[in-house]
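These notes are about the structure you will find just below.
The values are calculated or read from the model by the stated rules, or taken from the named source; none is laboratory data. Everything numeric here is computed off the predicted structure, so don't read it as measured data. Every residue, glycine among them, receives a Cβ derived from its backbone with ideal geometry; neighbour counts consider all protein chains shown. These area figures cover heavy atoms from the full protein model, side chains too; ligands, DNA and RNA do not enter into them. Shrake-Rupley method; radii C 1.70, N 1.55, O 1.52, S 1.80 Å.
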Amino acid sequence: MIEVKIDKNDVEAAINVLNSTKTGAQKAVNRAINRALMRGRTVASKSLRGRYTIKASDVKKATRLRRPGGAETSGQLVFSGPELTMAHFRIRPSGRDTTGNNRQLVRVEVERTGLKPLKNAFVYNGTVFQRKGATRLPIEPRYGPSVPRMVGNENIVEDIQSEMRDTFQRRIDHEAMRLIKGGK
């Protein structure tokens, strides 16, 4: 979970300006928070895809927005989910099994540092398995990091927080002007 600290003075100043309209301040703050949450999800997706070989849809599935409603003036951007299988990252050869007569070296790239070979690994039905020893069995599926673990990187958290803070400040001004001019 990422928490963004917004200066209470900014919120109070906006509320004072908008107190003249019925529930105007509440609407403006909630709308600005919603936009900041959506922008945070976008920035998280872009930052993760810049560092890891993960798809945007996988990040979006692991993200939940808890939007403010009614008198509540707080929202949360929550990342949750299990470790992702290697199929969510870049694997080579892709799209085909490497079992039977089609045996090939399996290479994976989780972080954007280049493909790395996996010893004693094979692809079956899109899942990467690795043998534990020299014998045929046991085998185990290989996993990469989870989305919350990837987002936990300090640089990514800092990018998300600063972008959400900037978006909130821009949007609160916009929403306040919109309500003052007679918008809904």
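Side notes on the structure shown:
- Segment 160-184, subset among the hydrophobic types (A, V, I, L, M, F, W, C) and at pLDDT 90 or above, residue farthest from the chain's Cα centre (by Cα): F168
- Qualifying residue in segment 34-46 (condition: closer than 29 Å to Q169 by Cβ, among the aliphatic types (A, V, I, L, M), open to solvent by 20 Å² or more (accessible area, probe 1.4 Å) and part of a strand (DSSP E or B)): no
- Within segment 163-184, the set of residues being open to solvent by 50 Å² or more (accessible area, probe 1.4 Å) and either part of a helix (DSSP H, G or I) or within 24 Å of E83 (Cα to Cα) (or both) comprises R165, D166, Q169, R170, D173, H174, M177, R178, I180.
- Whichever residue in segment 85-109 is within 25 Å of A62 (Cα to Cα) and in contact with a helix residue (DSSP H, G or I) (Cβ under 8 Å, 6 or more places away or on another chain) and, among such residues, is most open to solvent (accessible area, probe 1.4 Å): H88
- Test: E158 is over 20 Å from R35 (Cα atoms) and open to solvent by 40 Å² or more (accessible area, probe 1.4 Å): no
- For first residues located in segment 44-73 and free of Cβ contacts under 8 Å to residues at least 60 places away in the same chain, partners that are surrounded by fewer than 18 Cβ atoms within 10 Å (Cβ to Cβ) and small (G, A, S) and lie 6+ apart or on another chain with Cβ distances below 7 Å form the pairs S45/A56; R49/A56; R64/S80; P68/S74.
- If the condition is being over 13 Å from the mean Cα position of the chain (by Cα) and open to solvent by 40 Å² or more (accessible area, probe 1.4 Å), then segment 72-84 contributes E72, T73, S74, P82, E83.
- Any hit, segment 75-98, residues being aliphatic (A, V, I, L, M) and in a helix (DSSP H, G or I): yes
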